[in-house]
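Asks: Shown below is the structure under consideration.
The values are calculated or read from the model by the stated rules, or taken from the named source; none is laboratory data. Bear in mind the structure is a predicted one, so any value in this text is a computation, not a measurement. Note that we place each Cβ from the backbone using ideal geometry, even for glycine, and neighbour counts take in every protein chain shown. The accessibility values were calculated without ligands, DNA or RNA, using every heavy atom of the protein model including side chains. Shrake-Rupley method; radii C 1.70, N 1.55, O 1.52, S 1.80 Å.
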Amino acid sequence: MVRFELKKVFSRFKNKMAVVILCVLMIVVSLLTMNRVYYTDENGNHTSGMQAAKSLREEKNQWRGYVTDKVLKKVLKEREEIYQTKEVLSEENTKEQDKAYAKTQGISSIVEMINTAFSPWRDYDGFAIDRISPEEAARVYERRISNLKEWLDSGEEYFPEGQKEFLIRQYETLETPFYYEYYEGWSALLQNISTFLLMLALIIGFLVSGIFSDEFVTKADSIFFSTKAGRNRAIVSKIKAGFFIVTGFYVVFVMLYTFIVLFALGMEGAGCPIQWDMWRSVYHVTFFEGYLFIVAGGYVGTLFASALAMIVSAAVHSTAAAVIMPFMVLCAFPFLSRIITLPGMCSFFPDQLLDIYNSLKESVLVEIGGKVMDTAGVILPVYLFASGVLFPVLYLIYKRAEVK
Amino acid sequence: MELKFDNLTKEFGNFTAVDHLNLTMTKGVYGLLGVNGAGKTTLMRMLCTLLKPTEGRITCDGKDIFEMDGEYRKVLGYLPQDFGFYPEFTVKDYLLYISTLKGIPPAAARKRVKDMILKVGLSKAANKKMKKLSGGMKRRVGIAQAMLNNPKILVLDEPTAGLDPNERIRFRNLISELSEERLVLLSTHIVSDIEYIANEIWLMKDGKLMHKGRAEELIHSMEENVWECFVEKDLVSSFVKRYKISNMKSEMGGVTLRIISQEKPFENAVQAEPTLEDVFLYYFGEKAGDGNGAV
């Protein structure tokens, strides 16, 4: 029965077109993601994409390993040697500067980390590294904690005591030294994945929005509901079809996107901490774990929005109304937040599930029952549970449908 | 098997579509006759569990059909008036899908679908997409789907609507053939269809049952006579205003009228043998001067 339900969905021209559009979007986003990795060759010429990733990987992996005090000092020394020539120091000679930069690409992320650590909070001073000694550079991990404490004490932003303690504890317990290797593939993947997940969620929502209402739209409802299974097993089959479409499409397209990007840009770096990319993150996760968190959030968001679309489809018997639902749930608040300042409670709305990347980067903390946590960590199980509740509701709504 | 309507009522807001109906059906073909809005489709939809009654209940061998749920629908076959389908499905796929909905095991379903396709004469169109079928072919698929589970109760709502005369006769014969050993409720506007195949005819008006019985009984129940007369064209309008006219036939120099009237309407009028169409007009028709006069 599920097979027929799936056949109904995919035999429709509009749904076939939606799948084609999704494939095209995936290719476009993959290409854009691949072009996020840059490389500067020894002549100062810039490239991006697969070839750039290959060259950058070779450079960075020469520094593969834990970034200890010794490594930090060595990085400082290496950089000093490269940047001490007159040509490089000349501000007009950008070509020479590019050539010099080419030599530092292997350590560029470590340099950035030092610069960030010695910059004011929420700011970036690209020359901070020039003003510190090797001994100071070796204290980069301590600087991360002390910067946070200074900022919390400054009172620039208000944090309740519990949240302050949580932040400090998270910073202090983060495992150091960081492991370093080429991670640009994962970094690029994570930067664009939220956009791709949103498009994927909307198209999946579109695909499932007709599963229930099309019986009414095509006037096949009379026969459907007058059959033995019409008010029980057939509804379960429809729900299963919806669930399979959501899960199947989500898994397949996320895996395809991930595979394309990582195949082109390299899989190394999965075990590096996300702090290489998100210095202020409170999460103790690697790029791979961060990726799983983002993907899980996206899945729950897609499932929730699709379940709502199916409920509207079953309740109002209109595919058009159902299609709007995922847009309302996933796009309305991000759009509104660009126009007006939304209250804090909006960070609990389901659109946030599609934006776990930003939650990893800058957490919005919340205290529930004396326990401090990030909103992303709260909404994920909450909406997973809510989605689980929506399916029985969907069953009951459709079971009681009348043909007027 | 016994189906019983017990004080059955369905209201849509202030409008009563079916009004306190009490009826019993056993094996045989029941023809439901009535004008548009008489409540025929609403009654059939309740019988197929598509609509819940506002009041009263329908029982099958003493059990409420809504409580029986799937057990009741297992023995039900329904061809609705507006027969919807999945346009991209082939005839075979569509029937296989409906078989699944009817709970027929896959192997049995394949055989049954093959048999039904043969029975309704769609062998050549079995792999055609539903959207490519003609109106008549779609109706045949409709009856095939209704018969897939070999139902004990068959509900056919306007099954011959929109068919050309050939298709209609063919279809009528098919229904007649399929109606053996089961309970069939058939609704139509086409009086002759019912006259040919129904064992008992129900006349419905404004949600109520006006009369029921065999065709001959209904004909005898008429308290007026049927007359035929030839009149000049100029006089037709005055006759239309005064009498229920069941037929008009233009001929050279005048019009032959078929009039339903207690008294002889015209000196030269000849009494004619009443038919079921006259009965329909007698109960549902209005003189052109009354109400909307839509006869």
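Asks: How much net charge surrounds A:ALA201 when only the other residues with a Cβ under 13 Å from the Cβ of A:ALA201 are counted, with Lys and Arg +1 and Asp and Glu -1? If you can, show how the numbers build up before the last one.
Replies: Details: positive: none; negative: A:ASP351, A:ASP355.
Taking every Cβ under 13 Å from that of A:ALA201, the sum is -2.
Asks: Just name one of A:VAL282, A:ALA270, A:MET255: the one whose Cα is farthest towards the positive end of the charge dipole of segment A:165-297 (beta-carbon charges, Lys/Arg +1, Asp/Glu -1).
Replies: A:MET255
Asks: Using just the helices of chain B, give the 222 nm mean residue ellipticity in deg cm²/dmol: DSSP H runs with n ≥ 4 each add -39,500 (n - 2.57), and the total is spread over all residues, rounded to 500.
Replies: Working: 11 runs with 98 residues, N = 295.
Calculated at 222 nm, the ellipticity per residue is -9500 deg cm²/dmol.
Asks: Which one of A:ILE235, A:PRO134, A:TRP63 has its Cα pushed farthest toward the positive end of the charge dipole of chain A, where Lys and Arg give +1 and Asp and Glu give -1 at the Cβ?
Replies: A:ILE235
Asks: Rounding to the nearest 10 and keeping the result within 0 to 90°, find how far the Cα-based axis of helix A:233-265 lies from the longest principal axis of chain A.
Replies: Its long axis makes an angle of about 20 degrees.
Asks: What residue among A:ALA320, B:GLY253, A:TYR291 has its Cα farthest toward the positive end of the dipole of the protein assembly as shown, where the charges are +1 on Lys, Arg and -1 on Asp, Glu, each on the Cβ?
Replies: Value computed over the given set: B:GLY253.
Asks: Rounded to the nearest 500 deg cm²/dmol, what is the calculated helix-only ellipticity per residue at 222 nm for chain A, with -39500 (n - 2.57) per DSSP H run of length n ≥ 4? Kindly include the intermediate steps, with their values, before the conclusion.
Replies: Values: 18 runs with 262 residues, N = 404.
For chain A, the value works out to -21000 deg cm²/dmol.
Asks: Counting only GluC sites (Glu not before Pro) that sit in a DSSP loop (anything but H, G, I, E, B) with at most 14 other Cβ atoms within 10 Å, what is the longest stretch of chain A containing none of them?
Replies: Values: sites that count: A:GLU42, A:GLU91, A:GLU92, A:GLU156, A:GLU157, A:GLU175, A:GLU362, A:GLU402.
No qualifying site falls inside A:176-361, the longest such stretch.
Asks: Next question. Work out how far the C-alpha atoms of chain B reach from end to end along every principal axis, then list the three figures in whole Å, largest first.
Replies: That gives 70, 45, 34 Å along the principal axes, largest extent first.
Asks: In whole Å, how far is the Cα centre of segment B:128-183 from that of segment B:1-74?
Replies: Between the Cα centre of segment B:128-183 and that of segment B:1-74, the gap is 21 Å.
Asks: Please give me the summed charge of the neighbours of A:PRO120: other residues whose Cβ is under 15 Å from its Cβ, Lys and Arg +1, Asp and Glu -1. Each step should come with its number before you reach the end.
Replies: Details: positive: A:ARG122, A:ARG131, A:ARG143, A:ARG144, A:LYS149, A:ARG280; negative: A:ASP123, A:ASP125, A:GLU150, A:ASP153, A:GLU156, A:GLU157.
In short, 0.
Asks: Separate question: With springs only between Cα atoms under 10 Å, which of A:LEU189, A:LEU360, A:LEU292 fluctuates most in a Gaussian network model of chain A?
Replies: A:LEU292
Asks: May I pose another question? Given +1 on the Cβ of Lys and Arg, -1 on the Cβ of Asp and Glu, and no further charges, what dipole in debye does the protein assembly as shown carry about its Cα centre, rounded to the nearest 20?
Replies: On the way: 83 positive and 83 negative charges, 530 e Å.
Roughly 2540 debye for the protein assembly as shown.
Asks: Next question. Can you tell me the order of B:256-265, A:388-397 when each peptide is scored by its average per-residue count of other Cβ atoms within 10 angstrom, highest first? Provide the component values of the computation, followed by the final result.
Replies: Working: B:256-265: 17.2, A:388-397: 15.3.
Ranked by mean Cβ neighbours within 10 Å, highest first: B:256-265, A:388-397.
Asks: Moving on to the next point. Rounded if a/c is under 1.5, else prolate if a/b beats b/c, else oblate: with a ≥ b ≥ c from the C-alpha gyration tensor eigenvalues square-rooted, which is segment A:65-180? Don't skip to the end; give the middle numbers.
Replies: On the way: a/c = 3.03, a/b = 1.91, b/c = 1.59.
Taking the square roots of the gyration eigenvalues as a ≥ b ≥ c, segment A:65-180 is prolate.
Asks: I would also like to ask the following. Between segment A:259-311 and segment A:150-210, what's the alpha-carbon centroid distance in Å?
Replies: Between the Cα centres of segment A:259-311 and segment A:150-210 lies a distance of 9 Å.
Asks: With the radius of gyration and the Kirkwood radius both derived from the Cα set of the protein assembly as shown, what is their ratio Rg to Rh?
Replies: Working: Rg = 38.2 Å, Rh = 31.5 Å.
In the protein assembly as shown, Rg relative to Rh is 1.21.
Asks: Students sometimes get this wrong: rank B:PHE171, A:PHE118, B:PHE230 by accessible area, probe 1.4 Å, all chains present, largest first. Don't jump to the answer; show the numbers that get you there.
Replies: Details: B:PHE171 5, A:PHE118 30, B:PHE230 95 Å².
Descending order: B:PHE230, A:PHE118, B:PHE171.
Asks: Please list, or write none, the aspartates and glutamates whose alpha carbon is within less than 12 Å of the alpha carbon of B:LYS4, excluding same-chain residues fewer than 8 places away.
Replies: Candidates past the 8-residue exclusion: B:ASP61, B:ASP64.
Asks: Dipole of chain B, Cα-centred, from +1 at each Lys and Arg C-beta and -1 at each Asp and Glu C-beta, to the nearest 20 debye?
Replies: Details: 42 positive and 40 negative charges, 376 e Å.
With only Lys, Arg, Asp and Glu charged at Cβ, the dipole is about 1800 debye.
Asks: Another one. Across segment A:120-136, in residue order, what do the Karplus-derived ³J(HN,Hα) couplings come to in whole Hz, using 6.51 cos²θ - 1.76 cosθ + 1.60 with θ = phi - 60° and x for Gly and Pro?
Replies: With coefficients 6.51, -1.76 and 1.60, one gets x, 4, 6, 9, 9, 10, x, 10, 4, 4, 6, 9, 10, 8, x, 5, 5 Hz.
Asks: Next question. Once R0 is set to 41 Å, what does the formula 1/(1 + (r/R0)^6) return for the Cβ-Cβ distance between A:ALA320 and B:LYS119, expressed as a FRET efficiency to the nearest 0.05?
Replies: Numbers: r = 39 Å, r/R0 = 0.96.
So, using R0 = 41 Å, E works out to roughly 0.55.
Asks: Please report, for the Cα atoms of segment A:269-350, the Rg to one decimal and the Dmax as a whole number; what are they, in angstrom?
Replies: That works out to 16.9, 49 Å for Rg and Dmax.
Asks: Taking a 28 Å limit on the Cα-Cα distance, which of the listed pairs B:LYS102/B:LYS212; B:LYS114/B:LYS212; B:LYS132/B:LYS152; A:LYS54/A:LYS99; A:LYS16/B:LYS132; A:LYS219/B:LYS27 fall beyond it? Please list the in-between numbers first.
Replies: Details: B:LYS102/B:LYS212 32 Å; B:LYS114/B:LYS212 38 Å; B:LYS132/B:LYS152 31 Å; A:LYS54/A:LYS99 18 Å; A:LYS16/B:LYS132 20 Å; A:LYS219/B:LYS27 30 Å.
Flagged as over cut-off: B:LYS102/B:LYS212; B:LYS114/B:LYS212; B:LYS132/B:LYS152; A:LYS219/B:LYS27.
Asks: I would also like to ask the following. Largest first, what is the accessible-area ranking of A:LEU76, A:LEU32 with a 1.4 Å probe?
Replies: A:LEU32, A:LEU76
Asks: Assign unit charges at the C-beta atoms only (+1 for Lys and Arg, -1 for Asp and Glu), then state the dipole size of segment A:65-180 relative to its Cα centre in Debye, rounded to the nearest 20.
Replies: Rounded to the nearest 20 debye, it is 440 debye.
Asks: What is the local net charge at A:LYS238, summed over the other residues whose Cβ is closer than 12 Å to its Cβ (Lys, Arg +1; Asp, Glu -1)?
Replies: Local net charge: +2.
Asks: In what sequence, highest mean first, do B:189-196, B:146-153 appear when ranked by Cβ atoms within 10 angstrom? Walk me through the intermediate numbers first.
Replies: Numbers: B:189-196: 18.9, B:146-153: 20.4.
Ranking, from highest mean packing down: B:146-153, B:189-196.
Asks: Going by alpha carbons, how many degrees (0 to 90, nearest 10) lie between the helix axis of A:319-339 and the longest principal axis of chain A?
Replies: For helix A:319-339, the angle is close to 30 degrees.
Asks: To the nearest whole number, what is the average tally of beta carbon atoms from other chains within 10 Å of the beta carbons of peptide A:9-21? Don't skip to the answer; put the middle values down first.
Replies: On the way: counts 0, 1, 6, 3, 2, 0, 0, 1, 0, 0, 0, 0, 0.
Going residue by residue through A:9-21 and averaging, the value is 1.
Asks: Taking B:LYS264 as the anchor, which lysines have their alpha carbon closer than 24 Å to its alpha carbon, excluding any fewer than eight residues away along the same chain?
Replies: B:LYS233, B:LYS241, B:LYS244, B:LYS249, B:LYS287
Asks: In addition: Please turn the phi angles of segment B:77-82 into ³J(HN,Hα) values with the Karplus equation 6.51 cos²θ - 1.76 cosθ + 1.60 (θ = phi - 60°), one per residue in order, whole Hz, x for glycine and proline.
Replies: Whole-Hz 3J(HN,Hα) from phi for segment B:77-82: x, 9, 10, x, 5, 9.
Asks: Using amide H atoms built 1.01 Å from N in the peptide plane, name the residues 5+ places from B:HIS20, or on other chains, whose amide H lies under 5 Å from its own.
Replies: Placed amide hydrogens put B:THR9, B:LYS10 under 5 Å from B:HIS20.
Asks: Another question, if that's okay. When only DSSP loop residues count, what trypsin sites (Lys or Arg not before Pro) in segment B:161-257 have their Cβ near at most 14 other Cβ atoms within 10 Å?
Replies: On the way: sites: B:ARG168, B:ARG170, B:ARG172, B:ARG182, B:LYS205, B:LYS208, B:LYS212, B:ARG214, B:LYS233, B:LYS241, B:ARG242, B:LYS244, B:LYS249; in loops: B:ARG182, B:ARG214.
Passing both the DSSP loop test and the Cβ count: B:ARG214.
Asks: With a ≥ b ≥ c taken as the square roots of the eigenvalues of the C-alpha gyration tensor of chain A, please select rounded if a/c is under 1.5 and otherwise prolate if a/b is larger than b/c or oblate if it is not?
Replies: Prolate.
Asks: Quick one: accessible area per residue over chain A, 1.4 Å probe, rounded to a whole number of Å²? Walk me through the numbers on the way to the answer.
Replies: Details: 18450 Å² over 404 residues.
About 46 Å² of surface per residue is accessible.
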